[in-house]
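> Would you mind keeping the following structure in view while I ask a few things?
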Amino acid sequence: MNKFFEMKKLKIHHWILIAFLLGIVVGIIFKKNENRLVITYGQEDKQRSERITFTGFAQLVVENNQIYDTISFKDVRQLVKFVEKNTKKILLAKIDGKVLLNVKEIKFAEAPLKFLSPLGTLFLRLLSFLAIPLVISSMIVGVASLGNIKTLGRIGSRTILFYIITTGIAVIIGIAIAITIKPGEKITPEVKAQIEEVSQEVVTEKLKAKGQIDIVDFFVNIVPANPFKAISNGEMLPIIFFAIFVGIGLTLVEPSKSQIVISFFDTISNVFIRMVKVVLWFAPFGVFALIAVAVSDFGVPILSTLGYYMFCVILGLAFQFFVVYSVLIWLFARINPMIFYSGLREAFIVAFTTSSSAATLPVTFQCVEENLGVPNKIASFVLPLGATVNMNGTSLYQAVAAIFIAQFYGLDLSYSQLATILLTSMLAAVGTAPVPGVGIIMLIMVLQSVGIPAQGIGLILGVDRILDMLRTIPNIAGDAVVSLIVWKMETKKSK
């Protein structure tokens, strides 16, 4: 009987998967009502708030210089925006059959699952807390363990080469799918008007945070003036440079002295790997909270209006994930791709729910080393570098998004403009921080490089979160693929 229960005992990835599916169900059941409003009204000393459902028609009676106007609204977003911006005195509001006097504020009600957000945030913070110390310690040990500069150069050149190859393939796939399916031309005028009602404040905010990449400055800033400041700010490329340089320095010191430092960082690395195992036991709760809140917030209408665009992105990501990676694994690593996908199950789920390559990095480390057998000296170099510069999913998405927006505005892109999208999408992916939501900001650089209106990001903001979650999976999978290939190539060379 005991043996039976041991066989039936669920492993951590099973619990994570159950939590993931349960989060989807709960999110659908308790989905956010976009028409649910919170209205504050009454005299200053007797204000009260009430929740009201917008039923498709509202009227406001407003006063401006002793002139009274009655304004009608059929769109809930226009109603909220008017009350937010208008300085006129709102004497009366009639919504959902109720009449409210002296309206002070009308805002959207919070999502019913908002209370779960701190649980998901805590999970993200735990993963982020582990990522940087793990990168520094494991990368120093990994580089020092390579033994000499020649080995480091060989592994580094192979890593960069395959990162360029996988990213280039991803962008080409995205461009090919977008110009074949033409998602931007399949949207009706009515739907166009609906999509363009995205809050201009959000678009303006994204435009202010737009990414500008100067090639010279980009490479200069990789070298940190103060490594400890880079660590405190979470600047991954300078951190990686610091760790590599320390590792190189240790290889140049006589072994009797360097071994003490290497052993210290090796112990630190092992400690944080053990901490990853502890955090993973909290993962089902964090995954449940993140996915439930996300699904609750999505809203079905915006997903349906942008269906063709989403289909193109998802099709491209799926082709990169299942076809391109499987071919590369089979050709260069000579292993069954199913072993690879099975070994990274936990990392895929965590990547989807966190939308962050950096936050997933500790779990990716564990999966690649323990499940796929990649030695630490390879994984500790390839994975942190990939989490920063190898964003296959993000590159593909930016190419599709740029062409979609161009088609939406009726712009015909030349071959030279498509080539520019190819190059800037690859470059933007390198400059994209491995955290949620940054890809939409770097997309502005891609749009501006070929003269596409940057305001077009407002068209896709509504579905960016779900696509951000999806494109993170190929991002971390691409890093793992390259680490596996580099390891197999090094193994062949040593024979």
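> Just name the residue that is surrounded by the fewest Cβ atoms within 10 Å (Cβ to Cβ) out of those in segment 85-129 that are polar (S, T, N, Q) and farther than 30 Å from residue 272 by Cβ.
87
> Continuing with the same structure: Scan segment 20-48 residue by residue and report those that are surrounded by fewer than 13 Cβ atoms within 10 Å (Cβ to Cβ) and assigned by TED's automatic domain parsing to the domain that holds residue 80.
43, 44, 45, 46, 47, 48
> Given the residues 269, 258, 263, which is the only one that is without any contact (Cβ under 8 Å) to a residue 40 or more places away in the chain and part of a helix (DSSP H, G or I)?
Checking each option against the conditions leaves just 263.
> Among (1) of a type outside the set (Phe, Trp, Tyr); (2) under 24 Å from residue 389 (Cα atoms); (3) out of contact with any His (no Cβ under 9 Å at 6 or more places or on another chain), there is one condition residue 345 misses while meeting the rest; what is its number?
(3)
> Among 383, 396, 443, which is the only one that is at pLDDT below 85, closer than 19 Å to residue 170 by Cα and crowded, with 24+ Cβ neighbours inside 10 Å?
Being at pLDDT below 85, closer than 19 Å to residue 170 by Cα and crowded, with 24+ Cβ neighbours inside 10 Å holds for just one of 383, 396, 443, which is 443.
> If you don't mind, another one. Output yes when any residue across segment 71-84 is more than 30 Å from residue 295 (Cα to Cα), in contact with a Leu (Cβ under 7 Å, 6 or more places away or on another chain), surrounded by fewer than 20 Cβ atoms within 10 Å (Cβ to Cβ) and not assigned by TED's automatic domain parsing to the domain that holds residue 365, and no when none is.
So far as segment 71-84 goes, yes, one or more of its residues are more than 30 Å from residue 295 (Cα to Cα), in contact with a Leu (Cβ under 7 Å, 6 or more places away or on another chain), surrounded by fewer than 20 Cβ atoms within 10 Å (Cβ to Cβ) and not assigned by TED's automatic domain parsing to the domain that holds residue 365.
> When you check residue 17 against the structure, is it surrounded by fewer than 14 Cβ atoms within 10 Å (Cβ to Cβ), at pLDDT below 85 and not assigned by TED's automatic domain parsing to the domain that holds residue 75, yes or no? Steps first, answer last, please.
Working: surrounded by fewer than 14 Cβ atoms within 10 Å (Cβ to Cβ): no; at pLDDT below 85: yes; not assigned by TED's automatic domain parsing to the domain that holds residue 75: yes.
Here the answer is no, as residue 17 does not meet what is asked.
> Now a separate question. Among 216, 203, 220, which is in the same structural domain as residue 265 (by TED's automatic domain parsing) and at pLDDT 75 or above?
Values: 216 fails: at pLDDT 75 or above; 203 fails: at pLDDT 75 or above.
Every option except 220 fails the conditions.
> Out of the residues in segment 11-46 that are of a type in the set (Lys, Arg) and in a loop (DSSP other than H, G, I, E, B), which is farthest from residue 83 (Cα to Cα)?
Here the residue is 11.
> Follow-up question, since we're still on this one. Scan segment 328-364 for residues that are in contact (Cβ under 8 Å) with a residue 40 or more places away in the chain and part of a helix (DSSP H, G or I) and report the count. Full working, then the answer.
First pass over segment 328-364, keeping only residues in contact (Cβ under 8 Å) with a residue 40 or more places away in the chain: 328-329, 332-335, 340, 344-364.
If we keep only those that are part of a helix (DSSP H, G or I) too, we end up with 328-329, 332-333, 340, 345-354, 357-364.
Result for segment 328-364: 23.
> Here's something else I'd like to know. Among 117, 128, which is among the hydroxyl-bearing types (Ser, Thr, Tyr) and at pLDDT below 85? Give the derivation first.
Values: 117 fails: at pLDDT below 85.
After applying the criteria, what remains is 128.
> Then there's this: Of the residues 402, 477, which single one is over 24 Å from residue 294 (Cβ atoms) and either of a type outside the set (Ser, Thr, Tyr) or at pLDDT 75 or above (or both)?
The unique qualifying residue is 402.
> A follow-up question, please. List the number of the failed condition for residue 54; all other conditions in (1) at pLDDT 80 or above; (2) of a type in the set (Phe, Trp, Tyr); (3) more than 43 Å from the chain's Cα centre (by Cα) hold.
Just one mismatch for residue 54, condition (3).
> How about segment 343-387: which of its residues are closer than 24 Å to residue 286 by Cα and either among the β-branched types (Val, Ile, Thr) or outside the structural domain of residue 171 (by TED's automatic domain parsing) (or both)?
Selection gives 349, 350, 353, 354, 360, 363, 364, 368.
The values are calculated or read from the model by the stated rules, or taken from the named source; none is laboratory data. If you're wondering where the values come from, they're calculated on a predicted model, not measured in any experiment. Here Cβ is always computed from backbone atoms with ideal geometry, including for glycine, and neighbour counts include all displayed protein chains.
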